[in-house]
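Chemist: There's a structure below that I have some questions on.
The values are calculated or read from the model by the stated rules, or taken from the named source; none is laboratory data. Since we're looking at a predicted model, the values are computed, not measured. Because the Cβ atoms are built from the backbone with ideal geometry, glycine has one as well, and the counts that use them run over all protein chains shown. Ligands, DNA and RNA are excluded from the accessible area calculation, which covers all protein heavy atoms including side chains. Shrake-Rupley method; radii C 1.70, N 1.55, O 1.52, S 1.80 Å.
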Amino acid sequence: MKLTLSLYYFFFFASVGIYVIFLPQHLKLLGYTPQEIGIIFASLPIARFLTPFFFISKPITTTIFKLSIFLTSLIPFLLYFNNFYIYLAVFTMLGVLYSINFPYIEAVAINRLKSHYGKTRVWGSIGFIVVAIGLSNLQVDKVTLYLILNGLSAYFAYQFAEVTIEIKKEFESINFFKEWQFWVALILLQISFGGFYNFFTIYETDHGISLDMTIYLWSFGVLCEITLFYYQAKFLKWNLLVLMKFSIFITAIRWLILYFFTNNIFLLYLSQSFHAFSFALNHTVTLSLLYKLYLNKNLASQFYYGLGFGLGGFLGSIIAGYFYGKYLFLFSAVSAFLSYLAIAKKHWDLITFI
């Protein structure tokens, strides 16, 4: 199972690498405006946000899971048609499908691997960085490569079609008001990532940083992420809420560095090193907290991606498209700091991963 999970993560996040690094630039070269790019890339997260609400009263069956995997491998073919509304439809449909299959596999990984989750999940980061570095000097069609990588990740996801049933220990709905500070912090943090995920490549190249250097910056951030994923078991012995607060606070500092020091290569690398905490540590800690707080781990995982990467990602994409310019990362820093304030006074009894 570890090998299959590793391969799934590798190919899935390799396709994500195409999505976040190269597709925005691809759309810009096709003549789309920052506002149009923001809307296109907002369609996927808003679909991820809405989809879990359809499964509050019923579980996702094996048939639905298999169908979602099958469609995931086919829909990207439509990206060959250069049309705003087709791009919008493709990413909307992928958002629905990813919201069904990816949280299931994450729930399987967390439950089966426990504290060793990071050492398997790290292969996703490796896939991302292989794409980032490998494509920096290669003239290959990004849409075709995205389609191939997406298809390979779908193949390995299909291997878990039967396994996913085993993790439904109890069917329980999600009470958002019970821990509302947690959900507000999650959404605000992902809003802050909107400028980074959708416009970092465009933003840096517009400010005189070469595309090659920008790709190296992406890669360095992922290297730091890989390092933390591999060694994070040591951190997970600490209070998870304290770790979540720390990771959010340092994310606000990260965006401030990008706002004040747009062209300073050293400080740009420093800000990228914080990706180890603002993504890798925060991801595992937040997902682990959810699994401690809620019995229905499938639904909790779906809403983690739906509300955080879905609603938060949607709002972040839209707002970043309209904020694009001088104050882009100042807005991101404010959003991250508000996320920190949302849980700053929150206290739980000692909750650790182990």
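Chemist: Restricting to region 1-15, give me the number of residues that are surrounded by 20 or more Cβ atoms within 10 Å (Cβ to Cβ) and not small (Gly, Ala, Ser).
Modeler: 7
Chemist: Still on this structure, I have one more. Residue check: is Met244 touching a residue at least 60 places away in the same chain (Cβ under 8 Å), out of contact with any Leu (no Cβ under 6 Å at 6 or more places or on another chain) and either at negative phi or surrounded by fewer than 21 Cβ atoms within 10 Å (Cβ to Cβ) (or both)?
Modeler: Values: touching a residue at least 60 places away in the same chain (Cβ under 8 Å): yes; out of contact with any Leu (no Cβ under 6 Å at 6 or more places or on another chain): yes; either at negative phi or surrounded by fewer than 21 Cβ atoms within 10 Å (Cβ to Cβ) (or both): yes.
When the stated conditions are applied, Met244 passes them.
Chemist: For region 306-342, which residues satisfy the criterion of being under 13 Å from the mean Cα position of the chain (by Cα) and open to solvent by 10 Å² or more (accessible area, probe 1.4 Å)?
Modeler: Leu307, Phe309, Leu311, Gly313, Phe314
Chemist: Considering only residues that are assigned to a loop (DSSP other than H, G, I, E, B) and either at pLDDT 90 or above or open to solvent by less than 40 Å² (accessible area, probe 1.4 Å) (or both), look in region 175-207 and name the one that is nearest to Thr251 (Cα to Cα). Quick ask: steps written out before the conclusion?
Modeler: First, pick out the residues of region 175-207 that are assigned to a loop (DSSP other than H, G, I, E, B): 175-179, 193, 207.
Adding the requirement that they be either at pLDDT 90 or above or open to solvent by less than 40 Å² (accessible area, probe 1.4 Å) (or both) leaves 179, 193.
Working: Glu179: 22, Phe193: 9 Å.
If we take residues in region 175-207 being assigned to a loop (DSSP other than H, G, I, E, B) and either at pLDDT 90 or above or open to solvent by less than 40 Å² (accessible area, probe 1.4 Å) (or both), then Phe193 is nearest to Thr251 (Cα to Cα).
Chemist: Being over 22 Å from Tyr19 (Cβ atoms), at pLDDT 80 or above, touching a helix residue (DSSP H, G or I) at 6+ places or on another chain (Cβ under 7 Å) and open to solvent by 60 Å² or more (accessible area, probe 1.4 Å): is that true of Lys119 here?
Modeler: Numbers: over 22 Å from Tyr19 (Cβ atoms): yes; at pLDDT 80 or above: yes; touching a helix residue (DSSP H, G or I) at 6+ places or on another chain (Cβ under 7 Å): yes; open to solvent by 60 Å² or more (accessible area, probe 1.4 Å): yes.
Yes, satisfied.
Chemist: Now, a different point. Please list, ordered by first then second residue, the pairs with beta carbon atoms under 9 Å, 6 or more apart or interchain, first in region 131-145 and farther than 21 Å from Phe220 by Cβ and of a type outside the set (D, E, K, R), second loosely packed, with under 15 Cβ neighbours inside 10 Å and at pLDDT 85 or above.
Modeler: From region 131-145, the pairs are Val143/Tyr80; Thr144/Tyr80.
Chemist: Hey, can you tell me all the residues within region 153-174 that are within 23 Å of the chain's Cα centre (by Cα) and either more than 26 Å from Thr4 (Cβ to Cβ) or modelled with pLDDT under 75 (or both)?
Modeler: At the first step, the residues of region 153-174 found to be within 23 Å of the chain's Cα centre (by Cα) are 153-161, 164, 167, 174.
Correct list: Thr164, Ile167, Ile174.
Chemist: Here is a further query. For residues in region 18-63 being touching a residue at least 60 places away in the same chain (Cβ under 8 Å) and assigned to a loop (DSSP other than H, G, I, E, B), which is surrounded by the fewest Cβ atoms within 10 Å (Cβ to Cβ)?
Modeler: Among those residues, the one meeting the criterion is Ser57.
Chemist: Say we look at region 322-334 and pick out the residues that are out of contact with any Phe, Trp or Tyr (no Cβ under 8 Å at 6 or more places or on another chain) and in a helix (DSSP H, G or I); which of these is farthest from Phe199 (Cα to Cα)?
Modeler: Among those residues, the one meeting the criterion is Val334.
Chemist: Going by the structure shown, is Gly95 of a type outside the set (Ser, Thr, Tyr) and modelled with pLDDT under 85?
Modeler: no
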